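The values are calculated or read from the model by the stated rules, or taken from the named source; none is laboratory data. Everything quoted here is computed from the prediction, not taken from an experiment. So basically every Cβ, Gly included, is an ideal-geometry build from the backbone, and we count neighbours across all protein chains shown. Surface accessibility is based on the protein's heavy atoms, side chains included, excluding ligands, DNA and RNA. Shrake-Rupley method; radii C 1.70, N 1.55, O 1.52, S 1.80 Å.
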Amino acid sequence: MAETTATMGQPASSEPASSRQACQGCSLVVETAGRLGNLLFTLASGFGMAKQNQLKFEIFCSAESHGGLVSTFPRLATIPCAGDTSKYSRLKLDKWGTFDESAMKMNVENSVMIQGYLQSYKYFWKHRNAVKDMFEFSPAIRSKAITLLKEWTQSSSVVADLKNASKSTHPTEKNNVITVGVHIRRGDYLRPMHVAMGYTLPDAGYFKRAFDCFRAESSRTLFVVLSEDVAWCSKNINLTDAIVKTSGDAAVDMCILTMTNHIIISAGTFSWWSAFLNQGQVVYFRKIVLPGSELQRGLTEDDFFPREWIGL
């Protein structure tokens, strides 16, 4: 494996990438690693860097892994797997949640492999609509998500109670219920290793404040909570206007969260991408890492959370 590095920033030209001479036939490659949320960040950021630097975009993965990606997001079929990358330059971006502007104006003389978590929306914000199109779920996943969301919302006694309450307290309001997806991640974030690294979790108080933001807007709000920790949710979430569910499939759960009118998220990249692909308002948990921790040193909040989102 070649140990050469791409030149970033120095002596990078001050001209925009669109006006510089592109490396003809060169590619920008990202590695596919991690679970769904981490993977989407890598792909989206690599896509944005390739566009900005006028390079072909490729994925470093096996044919089997590529097939798995395409089965979830069929439009990724247009992005090829990289072949032999032994002669590619390597560029490692160490700060996982901080935007490195120099990656958007690279001077490369050959193809380059980008390494790192690449978790900043600023790498692909200019191309966000194309990214959303690229991550359109497969018909099979969408169909299952639609079926489950319809089943959960129409069969729930909570929905009937919300409609009846709105008739008596707001007689001029229509009876359509507004859905707010809520992702509550706990599980692996409770492990001692993750706690020591600086991962934090929102408490019940955060979710109450977030719920209240939407309750203030409408008395007909149904919170669709997806979590692997149903017991914690049942104990800590007011269920008078909420249901706690899971499909048992990460891609289907994310797809469901993208279909609700609005969304509340907790820590983690799964939450982040569920919010990004949702078309409504986003409320997010700001204190996702412990101050002074290893994780905090790699995070710039303004680079990680879009300014359009509401932080609590």
Response to the item:
To the nearest 0.05, the calculated FRET efficiency linking Ala204 and Thr300 through their beta-carbon distance, R0 being 25 Å, is 0.35
Worksheet item: Between rounded, prolate and oblate, where does segment 254-312 land on the alpha carbon gyration tensor, with a ≥ b ≥ c its root eigenvalues, rounded for a/c under 1.5, else prolate if a/b exceeds b/c?
Response: prolate
Fill in: Accessible area of segment 234-312 divided out per residue, in Å², using a probe of 1.4 angstrom
43 Å²
Response to the item:
Over the chain, cysteine residues that find no other Cys C-beta under 4.7 Å are Cys61, Cys81, Cys213, Cys233, Cys255
Worksheet item: Helix 250-259 sits at what angle to the longest principal axis of the chain, using alpha carbons and giving 0 to 90 degrees rounded to 10?
Response: 70 degrees
Practice prompt. Net charge near Gln281: determine it from the other residues with C-beta under 10 Å of the C-beta of Gln281, scoring Lys and Arg +1 and Asp and Glu -1.
Written response: -2
Worksheet item: With Cβ to Cβ distances under 12 Å as the rule, what net charge do the other residues near Phe60 carry (K, R +1; D, E -1)?
Response: -2
Worksheet item: Computed over the Cα atoms of segment 33-135, what is the ratio Rg over Rh, Rh following Kirkwood?
Response: 0.93
Item to complete: Would you work out the charge dipole size for the chain about its Cα centre, treating the Cβ of every Lys and Arg as +1 and the Cβ of every Asp and Glu as -1, and quote it to the nearest 20 debye?
Response: 560 debye
Practice prompt. Which order do the peptides 53-64, 118-129, 77-88 take when ranked by the mean count of other beta-carbon atoms within 10 Å per residue, highest first?
Written response: 118-129, 53-64, 77-88
Worksheet item: Over the chain, what percent of the accessible surface lies on carbon and sulfur atoms, probe 1.4 Å?
Response: 50 percent
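Show me the trypsin sites (Lys or Arg not before Pro) within segment 231-304 that DSSP assigns to loop and that have at most 16 other Cβ atoms within 10 Å of their Cβ.
When the trypsin sites (Lys or Arg not before Pro) of segment 231-304 are filtered for loop state and at most 16 Cβ neighbours within 10 Å, Arg286, Lys287 remain.
Taking the Cβ-Cβ separation of Ser102 and Ala130 as r and a Förster radius of 22 Å, what is the calculated FRET efficiency to the nearest 0.05? Before the final figure, lay out the partial values.
On the way: r = 23 Å, r/R0 = 1.02.
The calculated FRET efficiency here is 0.45.
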Worksheet, complete the sentence: Residue span Arg142 to Val230: 0.36 nm per residue of separation minus Cα-Cα distance leaves a gain in nm of 29.3 nm
Practice prompt. Sort the following peptides by mean Cβ neighbour count (other Cβ atoms within 10 Å, averaged over residues), highest first: 201-207, 27-33, 251-257.
Written response: 251-257, 27-33, 201-207
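Sort the following peptides by mean Cβ neighbour count (other Cβ atoms within 10 Å, averaged over residues), highest first: 109-116, 177-184.
The densest-packed peptide leads the list: 177-184, 109-116.
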Discussion item. What whole-number distance in Å separates the alpha-carbon centres of segment 203-239 and segment 100-143?
Written reply: 32 Å
Worksheet item: Kirkwood hydrodynamic radius (Cα pairs, Å) of the chain?
Response: 21.0 Å
Worksheet, complete the sentence: Under 5 Å from the placed amide H of Phe223, counting only residues 5+ away or on other chains, we find Val180, Ala242, Ile243
Worksheet item: What's the angle, to the nearest 10 degrees (0 to 90), between helix 36-52's Cα axis and the longest principal axis of the chain?
Response: 50 degrees
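Hey, with R₀ at 30 Å, roughly what FRET efficiency would Gln154 and His194 work out to, going by the Cβ-Cβ distance, to 0.05?
0.20
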